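See structure below.
The values are calculated or read from the model by the stated rules, or taken from the named source; none is laboratory data. This structure is a prediction, so every number in the text was calculated from the model and none was measured. Glycine gets a Cβ as well: all are built from the backbone with ideal geometry, and neighbour counts include every protein chain shown.
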Amino acid sequence: MNDMFSTKLKSVLLVSIILGGFFLLLELRTGSASFSIIVMIYAFIGNVVYGIPVSFLSDFATKKIGKNRFIFASLIYSVFGFLSFILLGELGIFAVICSLLFFLSEEWQRMRKHNRGLKPAKKMIVTNTLSTVILFSLALFGSMLVSGPLFEKHTNESYLIPKGYEGEVRVVYNVKDAPSPEKSEDYDVYRINEKGYTLSPLPEREGIINNQYFYIDSEGHKEKIDDTCINIGGTDGIQMDDYEYYSFYFTVTNTHCGETFSENVDPTIPRGLSLEAIINEEGLEKPKY
């Protein structure tokens, strides 16, 4: 039993390192390894909590199966990898990948232990390989199909900013009596005031950020703002009198545009009003019901 658990712990470590290493390679251009470390930690926890029990279940269920044991084990891992989307949502895709890596690690260790000096028949190698590719491809496709709508969500907001404005811009959501934004194709159009903010009655948009930014003059002429002149800030929220407000904020510049600005805001750029300051400014401390 201790030997079996040791084998599975090795699989956990191997899968976590491989997945973390993959994200580390993606992050090399930014010079930061923080996200890959987070991925590695979550992969480790997930494989201990979910992967190891599934592995023991597979061992038990396939114990008395003969030459087709590999295929049945592959089926169990792929099915439980797919079912993980119930708990993880769109992250279930990564669970399928972890499940595949865990399965391959277990089978590799099993082969080293039980098949020393023996080479499996070519027909068996082909059959096992095809079954693994097909089963895990179906699991991966199924996870993408289920979680696809989540990935397809986009924020789709368009901001009209007073020409020459430079500083933080904020949209405050969930404001009951605020006017609804205009519509332009699939975009909600927000007109930012001279103080750098606007109010919206809608809930905060979720999904991939797919926004448009324009300067607009007093005559209504629009000028698209380059992405290098925009620094995406983030979101925040505040609860007051059983009512919650949320906001999305970013910083725009017309003097510091560039890759550096889009990644790190220049400290000399005006901060703009905070969410709390806007709530006070608009008298939203006691919303009307």
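The table that follows gives values for the structure above.
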| read-out | value |
| --- | --- |
| Within the range 60-71, considering residues that are touching a residue at least 12 places away in the same chain (Cβ under 8 Å) and among the hydrophobic types (A, V, I, L, M, F, W, C), the one surrounded by the fewest Cβ atoms within 10 Å (Cβ to Cβ) | Ala61 |
| Residue within the range 211-227 that is within 25 Å of Asn280 (Cβ to Cβ) and touching a Ser or Thr at 6+ places or on another chain (Cβ under 7 Å) present | no |
| Qualifying residue in the range 109-120 (condition: modelled with pLDDT of 80 or more, of a type outside the set (Phe, Trp, Tyr), assigned by TED's automatic domain parsing to the domain that holds Ser143 and assigned to a helix (DSSP H, G or I)) | yes |
| Test set (1) free of Cβ contacts under 8 Å to residues at least 60 places away in the same chain; (2) assigned to a loop (DSSP other than H, G, I, E, B) - Gly234 fails condition number | (2) |
| Matching option when the condition is surrounded by fewer than 18 Cβ atoms within 10 Å (Cβ to Cβ), within 30 Å of Gly207 (Cβ to Cβ) and at pLDDT 80 or above, among Leu87, Leu138, Leu57 | Leu138 |
| Options Gly283, Gly234, Gly258: the member that is of a type outside the set (A, V, I, L, M, F, W, C), touching a helix residue (DSSP H, G or I) at 6+ places or on another chain (Cβ under 7 Å) and on the phi > 0 side of the Ramachandran plot | Gly258 |
| So Phe250, is it touching a strand residue (DSSP E or B) at 6+ places or on another chain (Cβ under 9 Å), surrounded by 13 or more Cβ atoms within 10 Å (Cβ to Cβ), outside any strand (DSSP E or B) and not aliphatic (A, V, I, L, M) | no |
| Residue within the range 145-159 that is outside any loop (DSSP other than H, G, I, E, B), surrounded by 12 or more Cβ atoms within 10 Å (Cβ to Cβ), touching a strand residue (DSSP E or B) at 6+ places or on another chain (Cβ under 9 Å) and acidic (Asp, Glu) present | yes |
| Residue check, Arg29 at pLDDT below 80, more than 32 Å from the chain's Cα centre (by Cα) and farther than 25 Å from Ser137 by Cβ | no |
| Flag for Leu284 being modelled with pLDDT of 90 or more, under 13 Å from Tyr197 (Cβ atoms) and surrounded by 14 or more Cβ atoms within 10 Å (Cβ to Cβ) | no |
| Glu194 vs. criteria charged (D, E, K, R), without any contact (Cβ under 8 Å) to a residue 24 or more places away in the chain, over 30 Å from Leu91 (Cα atoms) and in a loop (DSSP other than H, G, I, E, B) | no |
